[in-house]
Amino acid sequence: MSNTETKTESSDSLITTDVETGSNDRTAPSNRTAVAARDLNVYYGDEQAIDDVSMEIPEKRVTALIGPSGCGKSTFLRCINRMNDMIDVCRVEGDVEFGGKNVYDGDVDPVALRRKIGMVFQKPNPFPKSIRDNVAYGLKIQGFDGDVDERVEESLKGAALWDEVKDQLDSSGLELSGGQQQRLCIARAIAPDPEVVLMDEPTSALDPVAASKIEDLIDDLAEQYTVIIVTHNMQQAARISDRTAVFLTGGRLVEYDDTTKIFEDPEEQRVEDYITGKFG
């Protein structure tokens with residue numbers, strides 16, 4: 001990882017509940033930093049879950065977080081959009097920069113932050129609503145004054161689901177298959193037009209065919225969004241990611257580099273041992 005601390009582009013939208021409804025200007029992937037952690041430490045009570053992690057995540061790339069269970073990768077992911085705020089015993093020290101600002105500053109509204117940093121969870125969690133209302137849910141909450149139906153269609157197309165559900169938008173999202181439900185959740189996450197999409201093991205509950213569709217979709221999403229994914233599947237990380245961060249025991253970031261380098265020629269022996277199955 002470069003020692004150069006690249007500043008993320010400034011954005012005042014994190015400080016207010018106002019939401020810009022214009023689409024983001026997303027061009028070809030650049031070397032700009034989307035999210036940066038600086039000396040990040042996270043505790044659950046007295047137990048340390050993240051130990052002094054610093055890393056810069058590039059925009060419009062897929063960054064995979066891998067490591068054994070309990071290594072802190074999901075905790076790190078949830079720090080980015082402050083989902084850990086919902087855990088009473090969780091304490092965060094250090095900085096997570098997004099939009100040129102530390103998201104833990106006192107004037108940052110977590111709700112506004114989560115409009116810019118969407119999240120998809122391990123198990124599909126559609127609401128007991130119609131497919132249309134699932135996708136439009138966030139838009140209505142934020143007072144979106146554009147064409148909701150148009151945005152719903154765009155989001156379902158972006159999640160590679162439109163052709164399968166366009167004639168049943170009033171049907172319950174719970175009637176879809178597991179893979180379709182997960183893509184519906186992805187459509188819901190991208191409908192508010194975020195800049196970053198977090199994914200916490202999004203294929204672990206799916207069959208191989210459905211998982212393959214999600215992997216193909218992630219590749220497409222990275223053309224417009226910064227995607228950060230936690231996965232236990234190292235082959236999946238090797239297939240879909242541009243950068244890979246390896247967390248091992250104690251919440252330490254052991255190595256972070258281009259995915260090809262991590263899987264073919266890691267610097268750390270511990271990383272090679274983990275990737276080759278000697279532990280974990």
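The values are calculated or read from the model by the stated rules, or taken from the named source; none is laboratory data. Model, not experiment: these values are computed from the prediction. Note: ideal-geometry Cβ built from the backbone for every residue, glycine included; neighbour counts use all protein chains shown. Protein only, heavy atoms only, side chains kept; ligands, DNA and RNA dropped before computing areas. Shrake-Rupley method; radii C 1.70, N 1.55, O 1.52, S 1.80 Å.
Under a model in which nothing but the beta-carbon of Lys, Arg (+1) and Asp, Glu (-1) is charged, the chain shows a dipole of about 460 debye around its Cα centre. Charge tally around G178: other residues with Cβ under 14 Å, Lys/Arg +1 each, Asp/Glu -1 each, net -1.
Taking 20 Å as the straight-line reach from the Cα of K278, the aspartates and glutamates in range (excluding those fewer than 8 positions away in the same chain) are E255, E264, D265, E267, E268.
Just one of [x] 1.60; [y] 1.29; [z] 0.98 is Cα Rg over 2.2 N^0.38 Å calculated from these coordinates, so which is it? The listed entry that was calculated here is [z].
Projecting the Cα atoms of G158, S177, G277 onto the charge dipole of the chain, computed from C-beta unit charges around the Cα centre, puts S177 farthest toward the positive end.
Among residues other than R239 with Cβ under 13 Å from its Cβ, the summed charge is -4 (Lys and Arg +1, Asp and Glu -1). Among beta bridges identified by DSSP and lying wholly in the chain, the antiparallel ones come to about 60 percent.
What the phi angles of region 125-142 give under the Karplus curve with 6.51, -1.76 and 1.60, with θ = phi - 60°, is a coupling list of 9, x, 6, x, 9, 5, 4, 4, 5, 4, 5, 7, 4, x, 5, 5, 5, 8 Hz, glycine and proline written as x.
Excluding ligands, DNA and RNA, the accessible surface per residue across region 141-280 is 45 Å² with a 1.4 Å probe.
Structural descriptor for region 47-195: relative contact order 25 percent, calculated from alpha carbon pairs under 8 angstrom and at least 6 residues apart. Region 32-103 and region 163-216 have Cα centres separated by 25 Å.
Residues whose amide H falls under 5 Å from that of R61, counting only those 5 or more places apart or on a different chain, are V227, with hydrogens built in the peptide plane. Each Lys and Arg contributes +1 and each Asp and Glu -1, all at the Cβ; summed about the Cα centre of region 170-270, the dipole is approximately 300 debye. For L253, the amide hydrogen comes within under 5 Å of the amide hydrogens of D51, counting only partners 5 or more places away or on other chains and with H modelled in the peptide plane. Within the same chain, aspartates and glutamates fewer than 8 places from K157 are excluded, and of the rest, those with a Cα less than 17 Å from its Cα are D133, D147, D149, D167, D170, D193, E215, D216, D219, D220, E223. Within the set of other residues whose C-beta is less than 15 Å from the C-beta of D46, count the net charge using Lys and Arg as +1 and Asp and Glu as -1. Overall, the nearby charge balance is -3.
Rg and Dmax of region 141-249, both derived from C-alpha coordinates alone, stand at 14.7, 48 Å. Coupling constants for region 100-105 follow from the phi torsions by the Karplus curve (6.51 cos²θ - 1.76 cosθ + 1.60, θ = phi - 60°), and in residue order they are x, 9, 6, 5, 9, 4 Hz; glycine and proline get x.
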